[in-house]
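Data block below; observations after.
What follows is calculated from the coordinates using simple rules that are stated; it is not laboratory data. Every value quoted in this text rests on a predicted model; they were computed, and no experiment measured them. So basically every Cβ, Gly included, is an ideal-geometry build from the backbone, and we count neighbours across all protein chains shown.
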Amino acid sequence: MGFLIVLSLLVSNKERGIIIKRRTFPKIFFGWWTVLTSGLLSLWGHGYHTIGFSALFKPIASELGFSRAVTSVAAGIGRFGGGFEAPVTGLLTDRFGPKVIVLVGTFLLGLGLILMNFIDSLWAFYVIWGIIVGTGVNIALTLPLDKAIANWFVKKRGLALGIRMTSIGLATVAVLPLITWLVSTQGWRMTCVIGGVVMWLVGLPLIWFLVKQQRPEYYGLLPDGARVQADLREDTSRMIVVGVEYAAEVGEVEFTLRQTMRTPAYWLFTVASAGHQMVTSVIFIHVVPFLTDMGVSPMRAAGIIAIAGAISLPARFIGGSIADRVKKEHLRFIIGGAYLLQAAAIVAFLLNQTFTMAYVFLILWWLGHGGGLPVNPALVARYFGRKSFGSIRGISQMIATPFGVIGPIYAGWIYDTEGSYIAAFIVFTALLVFSATIMLFVTSSKPPAQVTDVDKIV
């Protein structure tokens, strides 16, 4: 009866010439689907590899009879390999786009996690976790995803990167406690298998449908979803020119890799990043052992880190948003300030080595980490443009990687010889202050004498 009444009203309105307007929803800019995909991949992948290894650390070392320094080497292998892979990954991503690179990396990451179920020796552990899982993370969850976002956003790039980094932060809140629970109920082997299967079943389809090979101009769109005249959308060459002009509105100029490497800003940024990466790798790998050494259970340790990570989530989002609203010359101050906050976190614990101050240490550390994380790639893209972004970041990462490898091994060696991480913490505090100071001198460079087209990367 109700259906007949509605139908009669529609017919009578049509006869009277009344037009009923349907509610329309704005079309979502495709770049935001790429951000969503990158966020979910980062959440799960970094949740297992970068954050989750801290929960897997002791169970693996205990079952297989490894020392902490020896166990840390596996993570170091992945980082060391990433240093060599980064320039190649960056160059391939710039030339061919991120989609295929991310697909291959995600497949390797899932495969490596599944193969963890079968390891029974040190060499197998190093090959599977260090090489296969490490390579998967290095070529799927780092440069290509940042490149995909940098391609599709200019004026909203910081926000987009902030969302991706917030997703990585959620790994501390959601994935680390899940891994800790799975380890306690299913064992570390099955925990790794579950991670690999989910990576395949969820990650691969998302990449296939929601990550594009090229910048938006090739699809008749402008970065950020900016409006463009309809008659330009079919002319790719004109669209590329319009896209470059759009980026120039915020002072962004396209550098080649060679032009970038001739600037002092690039090398100062790389040095500062290397120092910071050395300290960050230590915290990610040794934080759960550090807390359990203080008498905290593994589940409670994961909960503490999850709380600290949750507090850092707004910092990631806010840091990215601020990066879109300040002049590019001021981005270095945000990064330097984040480094100093992390140094202050360690100092606070060193001055009062209690369980309460361990809370303060982790909260301040993750706030600094979260606030500076999205600003790093935003600074590189704003200083040097989009076309060579992957190659530029790849070379920088290659140089910084050995420091990320040495850090956890050094911290593990300090613990094995002294029974405490304190001496290592003192060294890392000084290193953070040094990196923050260097960042203050990372000023933007003059535009290159010759601005080449977007296809000239090197």
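With angles folded into 0 to 90 degrees, how steeply does helix 143-152 sit against the dominant principal axis of the chain? Use alpha carbons for both and round to 10.
30 degrees
Can you sort Met398, Met190 so the residue with the fewest Cβ neighbours within 10 Å comes first?
Ranking Met398, Met190 by Cβ neighbours within 10 Å, fewest first, gives Met190, Met398.
Using only Cα atoms, tell me the angle between helix 389-418 and the longest principal axis of the chain; keep it within 0 to 90° and round to the nearest 10.
30 degrees
Against the longest principal axis of the chain, how steep is helix 422-439, in degrees 0 to 90 to the nearest 10, with axes from Cα atoms?
Result, in degrees: 40.
I'd like the distance separating the alpha-carbon centroids of region 326-403 and region 172-189, in whole Å.
Using only Cα atoms, the two centres lie 27 Å from each other.
By how many nm would the segment from Ser420 to Leu351 lengthen if fully extended, with 0.36 nm per residue of separation less the alpha-carbon distance?
Full extension from Ser420 to Leu351 adds 23.3 nm.
What is the sum of charges around Ser281, taking Lys and Arg as +1, Asp and Glu as -1, for the other residues whose C-beta is under 15 Å from the C-beta of Ser281?
+2
Take Met261 and Ile307, extend 7 Å from each Cα along the Cα→Cβ direction, and tell me the distance between the two endpoints in nm.
Going from the Met261 label point to the Ile307 one covers 4.8 nm.
Please state the relative contact order of the chain as a whole percent: Cα pairs under 8 Å, 6+ residues apart?
Relative contact order here is 26 percent.
What does the highest-first list of 351-357, 127-133 look like by mean Cβ count within 10 Å? Intermediate values should be presented prior to the final figure.
Details: 351-357: 11.1, 127-133: 22.0.
Top to bottom by mean Cβ count within 10 Å: 127-133, 351-357.
If eta is 1.567 mPa s and T is 4 °C, what Stokes-Einstein diffusion coefficient results for the chain, Kirkwood Rh from Cα pairs, in µm²/s?
Value of D from the Cα-based Kirkwood radius: 56 µm²/s.
Calculate the dipole size of region 30-439 relative to its Cα centre from +1 charges on Lys and Arg beta carbons and -1 charges on Asp and Glu beta carbons; express the result in debye to the nearest 20. Intermediate results must be reported in sequence, preceding the final value.
On the way: 28 positive and 19 negative charges, 122 e Å.
It works out to roughly 580 debye.
I need the phi-derived Karplus couplings for region 49-61: 6.51 cos²θ - 1.76 cosθ + 1.60, θ = phi - 60°, integer Hz, Gly and Pro marked x.
Working through the residues one at a time gives 7, 7, 8, x, 4, 5, 7, 7, 4, 5, x, 5, 4 Hz.
With a sphere of radius 11 Å drawn around the Cβ of Thr37, what net charge do the other residues whose Cβ falls strictly inside it have (Lys, Arg +1; Asp, Glu -1)? Walk me through the numbers on the way to the answer.
Working: positive: Lys99, Arg164, Lys212; negative: none.
Summing Lys/Arg as +1 and Asp/Glu as -1 gives +3.
Can you bin region 161-297 into rounded, prolate or oblate? Criterion: square roots of the alpha carbon gyration tensor eigenvalues sorted a ≥ b ≥ c, rounded for a/c under 1.5, prolate for a/b above b/c, oblate for the rest.
Since a/c reaches 1.5 but b/c is at least a/b, the shape of region 161-297 is classed as oblate.
At a Förster distance of 56 Å, what's the computed FRET efficiency of Asn117 paired with Ile318, Cβ-Cβ distance as r, to 0.05?
Working: r = 40 Å, r/R0 = 0.72.
That gives a FRET efficiency of 0.90.
Counting other C-beta atoms within 10 Å, which of Ile335, Ile77 has the fewest, and how do the rest follow?
Ile77, Ile335
Using a Förster radius of 41 Å, what is the FRET efficiency between Met299 and Tyr218 based on their Cβ-Cβ separation? Nearest 0.05, please.
0.25
Cα-Cα over 28 Å: which of Lys155/Lys387; Lys147/Lys456; Lys99/Lys446; Lys27/Lys155; Lys27/Lys328?
Too far apart for the 28 Å limit: Lys99/Lys446; Lys27/Lys328.
How would you rank Glu252, Glu245, Glu217, going from fewest to most other Cβ atoms within 10 Å of each one's own Cβ?
Final ranking by Cβ density, sparse to dense: Glu245, Glu252, Glu217.
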